[in-house]
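The structure that follows is given in the form of structure tokens.
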Amino acid sequence: MERETITAGDLVLRPFVVNDIPWVHDVSLDPAVQRFLQIPLPYRRSDAEFFVREMAIAAWDRRQRAEFVVTSAGDGTRLGRVGLGLDGSGAAQIGYWMDPAARGRGVATVSVRALCRWAFDRLALGLVEWRAEVGNVASRRVAEKAGFRLEATLRQRLVHRGVRVDAWVGSMLPSELTSPPARPTRPASGD
Ligand SMILES: CC(C)(COP(=O)(O)OP(=O)(O)OC[C@H]1O[C@@H](n2cnc3c(N)ncnc32)[C@H](O)[C@@H]1OP(=O)(O)O)[C@@H](O)C(=O)NCCC(=O)NCCS
């Protein structure tokens, strides 16, 4: 599968490169990322290297994942990450995190919509699923604003640091991504 770039308003979603490793490390030290993502703790530089080299670059080449760095179209600033885990049968599970400096501007919502649109158009997926630990209201709000339909609360369906926790699950079908995506709020000058 060719690695591709997606443009969405003021955003460009591009494939990962090894130069992204220090930034992935920095963002992965953020408390909200550590609270809600299934990542190693303590999070080391080698973990970021594994994510970029194996989960973003090699897994794309194996058609297992499609991971993107969300950047500003203007100056290429890294804003966040959105990605899909492909199940091989026409569905995928979405994941995302934003750089703390880029949160609260609608970037996640626009990026998630753009990724879903790309997945339906270019990968011909029939469904994208979203799951989050119950209580991750920011993730849920992004998913719902992007167009996911909340389906259920699954009991004890995620394992977080060895502890089973309840999960919200939602999904989006191609026919549900009809209206144009909202434009992201422009970054404040100086960002
Ligand atoms: C979830 C996350 C990606 C949201 O990023 P973001 O860029 O701030 O999201 P947006 O700006 O697109 O916000 C979308 C909506 O979520 C709301 N939101 C964002 N953070 C919130 C929070 N902590 N609590 C409640 N609502 C929140 C926003 O207000 C907005 O809703 P509104 O337009 O009605 O006000 C970001 O908080 C993050 O990286 N969290 C840590 C990683 C994570 O949990 N990822 C998801 C794993 S399933």
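In the chain, which helices (entire DSSP H runs) extend 24 Å or more along their own long axis, judged by Cα positions, while averaging at least 1.0 on the Kyte-Doolittle scale?
Result, helices passing both filters: zero.
Turning to a different aspect of this structure: Go ahead and set up a Gaussian network model of the chain, Cα springs under 10 Å, then flag whichever of Gly147, Gly126, Gly85 fluctuates most.
Of Gly147, Gly126, Gly85, the most mobile in the Gaussian network model is Gly126.
Calculate the tail of P(r) for the range 6-125: the fraction of all Cα-Cα distances greater than 27 Å, expressed in %.
Numbers: 819 of 7140 pairs.
Taking all Cα-Cα pairs of the range 6-125, the fraction more than 27 Å apart is 11 percent.
Taking only DSSP H segments of four or more residues, each worth -39500 (n - 2.57), what value at 222 nm results for the chain once the sum is divided by all its residues, to the nearest 500 deg cm²/dmol?
-7000 deg cm²/dmol
Can I ask one more? Expressed in nm to one decimal, what extension gain is obtained for the pair Arg45 and Arg157 from 0.36 nm per residue of sequence separation less their Cα-Cα distance?
37.4 nm
Between Met1 and Val134, what length in nm is gained on full extension when 0.36 nm per residue of separation is reduced by their alpha carbon distance?
Result for the pair: 44.5 nm of gain on full extension.
Enumerate by residue number the trypsin sites (Lys or Arg not before Pro) in the range 86-176 meeting two conditions: DSSP loop (anything except H, G, I, E, B), and at most 14 other Cβ atoms within 10 Å of the site's Cβ.
Of the trypsin sites (Lys or Arg not before Pro), the ones in loops of the range 86-176 whose Cβ has at most 14 other Cβ atoms within 10 Å are Arg161.
Taken together, the values in this text are just the output of simple stated rules run on the coordinates, not laboratory data. For clarity, every value in this text was computed on a predicted model and none was experimentally measured. Reconstructed Cβ throughout: ideal geometry from the backbone, glycine too, with neighbour counts over all protein chains shown.
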